[in-house]
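The values are calculated or read from the model by the stated rules, or taken from the named source; none is laboratory data. None of the values given here were measured: they were computed from a predicted structure. Using ideal geometry, Cβ is built from the backbone for each residue, glycine included, and neighbour counts are taken over all protein chains shown.
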Amino acid sequence: MALRSSNRPISSMRTPTGTLQRVFLDHWNLKLLALAITLGLWFAVNGQRTPTTERFSGVQLNFQLPGDMVISNDPSDEVELTLSGAKSDLNLINPRDLNVSLDLTDRRPGDRVVQLSPGRLKIDLPSGVRLEKIQPSSIQIRVEPVQTRELEIEARLEGKLAPGYELNGVSINPSKVRVVGPASNVNALTRATTETMLLEGRKEDFSVPQTAVDVPDPKIVVLDTLVDVTGARRSLRLRFLSWLTPTPNLRVYLDVSPETAFARKNEYSVDYLNNRRLSYQKLMSSLPGVLVLSTNQDLDITRINLTTAVRERMATL
């Protein structure tokens with residue numbers, strides 16, 4: 001039987017060893033780079049899912065109280081949380097978005113030390129994230145009933161009137177203000193004050209509408225925050241004259257127009273007489289029980305009216 005000879009060279013024949021060499025050694029640099037990228041992605045993905053812990057500081061702590069109770073001291077309103085979970089989940093948490101609520105609805109008035117236990121806390125955490133620790137672990141609080149009260153308002157004045165003048169009185173409308181807050185804080189107040197009003201150099205009466213009312217206690221809430229303030233000034237010269245003048249049984253002011261006074265006596269100018277009249281009218285308005293008689297008519301009529309008023313007054317003494 002005849003044998004068929006092969007015409008292919010020996011070097012062209014594929015062996016298993018040669019095939020493996022070509023698989024691993026041909027373009028080895030590109031294959032090594034692809035392997036490195038694959039391993040890097042694998043470690044990155046699996047590393048993100050590896051459980052870890054992380055601390056979050058400055059987390060807001062809110063207090064849940066009955067409507068008729070309030071905290072009167074100043075406990076910390078921030079806590080630090082230690083959370084555990086996948087790193088990818090923890091990386092998505094922003095401390096400013098975290099909110100911890102402490103349930104105090106069963107607390108009675110008084111000083112208390114409250115444990116920050118998971119049973120009292122309400123925290124919205126992503127799925128798979130767990131609270132491991134909270135700092136501080138306890139806080140001291142003072143719970144008090146809420147109280148509402150009315151306070152007298154006092155005007156807060158600063159500066160001095162012009163030389164020769166003094167403050168004759170201040171009127172505030174309304175004269176009282178309602179405040180609300182912890183019972184001990186409210187009971188410690190004696191009055192509320194307005195914002196500062198400057199008197200420096202004033203010579204005239206003043207009016208300050210819609211003036212703010214202030215209570216120097218951050219725990220107190222002012223319910224009626226605006227009032228109207230008016231002030232009257234008085235000349236020290238008038239005060240001295242009032243002191244020198246004895247109190248009469250009947251105050252009578254004989255009023256006459258400047259034109260009539262000028263026509264009768266032809267003394268001084270009409271403008272001067274008008275200014276004098278205005279000064280007397282202002283003085284009379286500050287005195288109680290003044291009888292004003294016009295003398296613009298015939299003087300005999302004025303004399304009769306004055307005599308009648310005096311007799312009526314004397315009859316009552």
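Listed values, structure above:
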{"read-out": "Test: residue in the range 119-130 that is under 22 Å from residue 78 (Cβ atoms) and touching a Pro at 6+ places or on another chain (Cβ under 8 Å)", "value": "no"}
{"read-out": "Hey, residue 313 modelled with pLDDT of 85 or more and either in a helix (DSSP H, G or I) or assigned by TED's automatic domain parsing to the domain that holds residue 204 (or both) or not", "value": "no"}
{"read-out": "Complete set of residues in the range 102-122 that are of a type outside the set (D, E, K, R) and in contact (Cβ under 8 Å) with a residue 40 or more places away in the chain", "value": "102, 104, 105, 109"}
{"read-out": "Candidate set: the range 101-114, residues that are modelled with pLDDT under 90 and loosely packed, with under 13 Cβ neighbours inside 10 Å; chosen: the one nearest to the chain's Cα centre (by Cα)", "value": "105"}
{"read-out": "Filtered residues of the range 161-194 (kept if part of a loop (DSSP other than H, G, I, E, B) and surrounded by fewer than 14 Cβ atoms within 10 Å (Cβ to Cβ))", "value": "162, 163, 164, 174, 175, 188, 190, 191"}
{"read-out": "Odd one out for residue 132, checked against (1) surrounded by 15 or more Cβ atoms within 10 Å (Cβ to Cβ); (2) in contact (Cβ under 8 Å) with a residue 60 or more places away in the chain; (3) of a type in the set (D, E, K, R)", "value": "(1)"}
{"read-out": "First in the range 161-185 and under 12 Å from residue 231 (Cβ atoms), second anywhere and in a strand (DSSP E or B) and hydrophobic (A, V, I, L, M, F, W, C), Cβ under 6 Å, 6 or more apart", "value": "168/232; 169/232; 172/153; 172/227; 172/229"}
{"read-out": "Criterion (modelled with pLDDT of 85 or more, in a helix (DSSP H, G or I) and in contact with a strand residue (DSSP E or B) (Cβ under 9 Å, 6 or more places away or on another chain)) met by exactly one of 90, 83", "value": "90"}
{"read-out": "Pair list, Cβ under 9 Å, 6 or more apart: the range 66-79 residue farther than 16 Å from residue 103 by Cβ, other residue small (Gly, Ala, Ser) and part of a strand (DSSP E or B)", "value": "72/181; 78/57; 78/58"}
{"read-out": "Qualifying residue in the range 240-251 (condition: modelled with pLDDT under 80, under 30 Å from residue 167 (Cα atoms) and of a type in the set (Gly, Ala, Ser))", "value": "yes"}
{"read-out": "Residues being under 20 Å from the mean Cα position of the chain (by Cα) and either part of a loop (DSSP other than H, G, I, E, B) or aliphatic (A, V, I, L, M) (or both) - total across the range 195-220", "value": "11"}
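Okay, residues lined up against (1) more than 24 Å from residue 169 (Cβ to Cβ); (2) in the same structural domain as residue 169 (by TED's automatic domain parsing); (3) free of Cβ contacts under 8 Å to residues at least 40 places away in the same chain:
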| position | (1), (2), (3) |
| --- | --- |
| 253 | no, no, no |
| 257 | yes, no, yes |
| 262 | yes, no, yes |
| 270 | yes, no, yes |
| 285 | no, no, yes |
| 309 | yes, no, no |
